[in-house]
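J.: Quick one: the structure is below, questions incoming.
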Amino acid sequence: IAHVPYGVDLQRFRFGLKPDPAKEFRLVARATTIRKGITVTVGGLQRLVRSERFAKHAGILRVDFLGEIEQVASLRSAFAEVAGHPRVRLTVGHRHREETAQMLGQAHALILPSVSEGMSLAVVEAAACGAIPIISRYCGQDHFESGRHGLILAELDDIAIEAALSELLFYPARVLELGRGAKAYACARDWAKFEAGVAQIYTRLFAEASAA
């Protein structure tokens, strides 16, 4: 068995001009369906904006949902509460690939508490931009270390998401540290390494076939 991590385009997905996280924390949310964790994401955001720590925090929280949000009746009031908070800027909608790359480059974190993923390229693309992945253990990331490359949620619930967001939102130095770790994770998975790995497999197969 040969293991070849899939690749990410490091020329397209890269660091952009990120605002000071203490003044404006930018979060990109891929969690737009129940499978991808929209329920716990909105619940976690609601808990966050209701918290005493957020009330004392002077900065802005910007949340960009990539895609149309699955309509869940039980989420409407919570979503409206988060979107209506005076220090929250929230957008929803599909973006083309270049706009997504630019948005990730300006973001501090990506959230994807999915209950089921194959190989989530979205996580590696975010990491390449220095956007810290906040993910579930079901996001198909080999050798991803929580606390070094990003944050893996201990539980898929709103309490865990509030805790993860608080770890970043209220500690700007932690944002810088994990942003660098995320970038290092992605750099080990660029297209050049993927192509070289696949080429080695084919070379080995042809050599074994010739020897047979």
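J.: For segment 98-154, what are the per-bin percents of Cα-Cα distances with bins 10 Å wide, up to the bin holding the maximum?
T.: 26, 57, 16, 0
J.: Report the full-extension gain for the segment residue 17 to residue 73: residue separation times 0.36 nm, less the Cα-Cα distance, to one decimal in nm.
T.: Residue separation times 0.36 nm, minus the Cα-Cα distance, leaves 16.5 nm.
J.: Looking at the chain, do any whole DSSP H helices span at least 20 angstrom along their long axis by alpha carbon and average -0.5 or above on Kyte-Doolittle, and which?
T.: 172-187, 191-211
J.: Same structure, new question: Express the accessible area of segment 1-150 per residue in Å², computed with a 1.4 Å probe while the remaining protein chains stay in the model.
T.: I get 47 Å² per residue for segment 1-150.
J.: Right, next: Residue 35 to residue 159: extension gain in nm, 0.36 nm per residue of separation minus the Cα-Cα distance?
T.: Additional length available on full extension: 42.8 nm.
J.: Here's another thing I want to ask about it. So, with +1 on the Cβ of K and R and -1 on the Cβ of D and E, and no other charges, what is the size of the charge dipole of the chain about its Cα centre, to the nearest 20 debye?
T.: 480 debye
J.: What are the ³J(HN,Hα) couplings of segment 137-154, residue after residue, when phi is run through the Karplus curve with 6.51, -1.76, 1.60 and θ = phi - 60°? Round to Hz, x for glycine and proline.
T.: In residue order, the calculated couplings are 7, 9, 8, x, 10, 6, 6, 8, 9, 5, x, 10, 9, x, 10, 9, 5, 5 Hz.
J.: Hey, what number do you get for the chain at 222 nm if only DSSP H runs of n ≥ 4 count, each worth -39500 (n - 2.57), divided across all residues, to the nearest 500?
T.: It comes out at -13500 deg cm²/dmol, rounded to the nearest 500.
J.: With all protein chains present, how much of the accessible area of the chain (probe radius 1.4 Å) comes from carbon and sulfur, to the nearest whole percent?
T.: Percent of accessible area from carbon and sulfur atoms in the chain: 55.
J.: Related question: Tell me the Kirkwood radius of segment 1-160: reciprocal of the mean inverse pair distance over distinct alpha-carbon atoms, in Å.
T.: 16.1 Å
The values are calculated or read from the model by the stated rules, or taken from the named source; none is laboratory data. What you are looking at is a predicted structure, and each value in this text was computed from that prediction instead of being measured. Positions of Cβ are backbone-derived with ideal geometry, glycine not excepted, and every protein chain shown enters the neighbour counts. The accessibility values were calculated without ligands, DNA or RNA, using every heavy atom of the protein model including side chains. Shrake-Rupley method; radii C 1.70, N 1.55, O 1.52, S 1.80 Å.
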